[in-house]
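*Asks:* Okay, handing you the structure first.
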Amino acid sequence: MKHVKPLTSDIKPSIFLQAMHRIFLELKQNLRNGRIRKRGLKYADRLARTRTEIKLDLGCGCSSRPGFVGVDLNKEADLQWNIHWGLPFADDSIKEIRSDHFVEHLELTDVIGVFSECHRVLVQSGALDFSVPHLDPYIDAYLRRDYQFLSEKINDIPKGQEDLYSTCFDRISWLLYRAGEHKSLFDRDSIIAKLRLAGFSNLRIRAFDPNRDINWRFSSIYVVAVK
């Protein structure tokens, strides 16, 4: 009688253990996300019941603007929340939304999703007021191949990597991609177009306001989208 090998005999122990480890990590992450989501929903519900006015600061990290509810996956945020889940608030319930250099860290399809959620939760005449890095201030210098200008304005190249960013294109590449940290790129027209796709039509570009804005950057464009 021909011997039949067990089904698992050809599976190397190391491969099997690696697969089990990945499953364990995925399960652990799902459980963690479930706890974060549950806490976030309870917190958002409490805000809706106890506050007459809610203002959000998206992608705030561990600190938020005074008077704003900080929303971030960072556990130190007021509302620890994954923005890919949408915003845990009812339609027409948020007075204002602020954000500083956040949406460029999202994939472009997710940017549209976040803008659409902002449009949904804002009250009528409520504003999404935010900043992102954009290409416009550097285009003329790039076309002139003015490396001195670009190196002065884009001056946060990681130590030891200066030789990797030694041309005009390289400097702009660092500004926009930051070695993969940034997922979406914008100029003035493109950021306005994305807001229109999300349902906004009352749009304007504004100047830096030291009474409202933090951390002025030469590369920033300040955008206001009113519902």
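The values are calculated or read from the model by the stated rules, or taken from the named source; none is laboratory data. Remember, predicted model here, so these are calculated numbers, not experimental data. Reconstructed Cβ throughout: ideal geometry from the backbone, glycine too, with neighbour counts over all protein chains shown.
*Asks:* List, please: which pairs have Cβ atoms under 8 Å, are six or more places apart or on different chains, and start with a residue in the stretch 141-157 that is at negative phi and end with one that is assigned to a loop (DSSP other than H, G, I, E, B) and modelled with pLDDT of 95 or more?
*Replies:* Hits for this filter: Tyr147/Thr167.
*Asks:* Another question, if that's okay. Any idea which of (1) crowded, with 16+ Cβ neighbours inside 10 Å; (2) farther than 15 Å from Phe218 by Cβ; (3) over 22 Å from the mean Cα position of the chain (by Cα) is the one Gln161 doesn't satisfy?
*Replies:* The number of the failed condition is (1).
*Asks:* Filter the stretch 86-114 for residues that are under 27 Å from Asp209 (Cβ atoms) and among the charged types (D, E, K, R) and give the result.
*Replies:* Asp92, Lys95, Glu96, Arg98, Asp100, Glu104
*Asks:* How about the stretch 111-218: which helices (runs of 4 or more DSSP H) wholly inside it have at least 2 residues that are in the same structural domain as Ser64 (by TED's automatic domain parsing) and closer than 22 Å to Val71 by Cβ?
*Replies:* Passing ranges, in order: 188-197.
*Asks:* Then there's this: Can you tell me which condition Asp92 does not meet? The list is (1) buried (at least 17 other Cβ atoms within 10 Å of the Cβ); (2) in contact with a strand residue (DSSP E or B) (Cβ under 7 Å, 6 or more places away or on another chain); (3) at pLDDT 95 or above; (4) not small (Gly, Ala, Ser), and all the others hold.
*Replies:* It fails just one condition, (1).
*Asks:* For Gly59, all conditions in the list (1) at pLDDT below 75; (2) surrounded by 10 or more Cβ atoms within 10 Å (Cβ to Cβ) hold save one; what is the number of the exception?
*Replies:* Of everything listed in (1) at pLDDT below 75; (2) surrounded by 10 or more Cβ atoms within 10 Å (Cβ to Cβ), Gly59 misses just condition (1).
*Asks:* Mind counting the residues in the stretch 179-227 that are closer than 22 Å to Glu107 by Cα, in contact with a Pro (Cβ under 9 Å, 6 or more places away or on another chain) and free of Cβ contacts under 8 Å to residues at least 40 places away in the same chain?
*Replies:* Selection size over the stretch 179-227: 1.
*Asks:* Of the conditions (1) touching a residue at least 60 places away in the same chain (Cβ under 8 Å); (2) outside any loop (DSSP other than H, G, I, E, B), Arg65 fails just one. Which one is it?
*Replies:* (2)
*Asks:* Moving on. Can you give me the number of residues within the stretch 135-158 that are more than 17 Å from Ser220 (Cα to Cα) and surrounded by 14 or more Cβ atoms within 10 Å (Cβ to Cβ)? Steps first, answer last, please.
*Replies:* So in the stretch 135-158, the residues more than 17 Å from Ser220 (Cα to Cα) come out as 142-148, 157-158.
Checking which are surrounded by 14 or more Cβ atoms within 10 Å (Cβ to Cβ) leaves us with 142, 146-147, 157.
Here the count works out to 4.
For every residue, the table says whether it meets (1) among the basic types (Lys, Arg); (2) surrounded by fewer than 11 Cβ atoms within 10 Å (Cβ to Cβ); (3) farther than 26 Å from Ser63 by Cβ.
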{"position": "Ile112", "(1), (2), (3)": "no, no, yes"}
{"position": "Phe115", "(1), (2), (3)": "no, no, no"}
{"position": "Leu122", "(1), (2), (3)": "no, no, no"}
{"position": "Lys183", "(1), (2), (3)": "yes, no, no"}
{"position": "Ser190", "(1), (2), (3)": "no, no, yes"}
{"position": "Phe200", "(1), (2), (3)": "no, no, yes"}
{"position": "Leu203", "(1), (2), (3)": "no, no, yes"}
{"position": "Arg212", "(1), (2), (3)": "yes, no, no"}
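*Asks:* Only one of these conditions is not met by Phe89: (1) under 19 Å from the mean Cα position of the chain (by Cα); (2) within 20 Å of Gly61 (Cβ to Cβ). Which number is it?
*Replies:* (2)
*Asks:* Next question. If you check Phe186, Phe115, which single one turns out to be modelled with pLDDT under 95, aromatic (Phe, Trp, Tyr) and within 21 Å of the chain's Cα centre (by Cα)?
*Replies:* Checking each option against the conditions leaves just Phe186.
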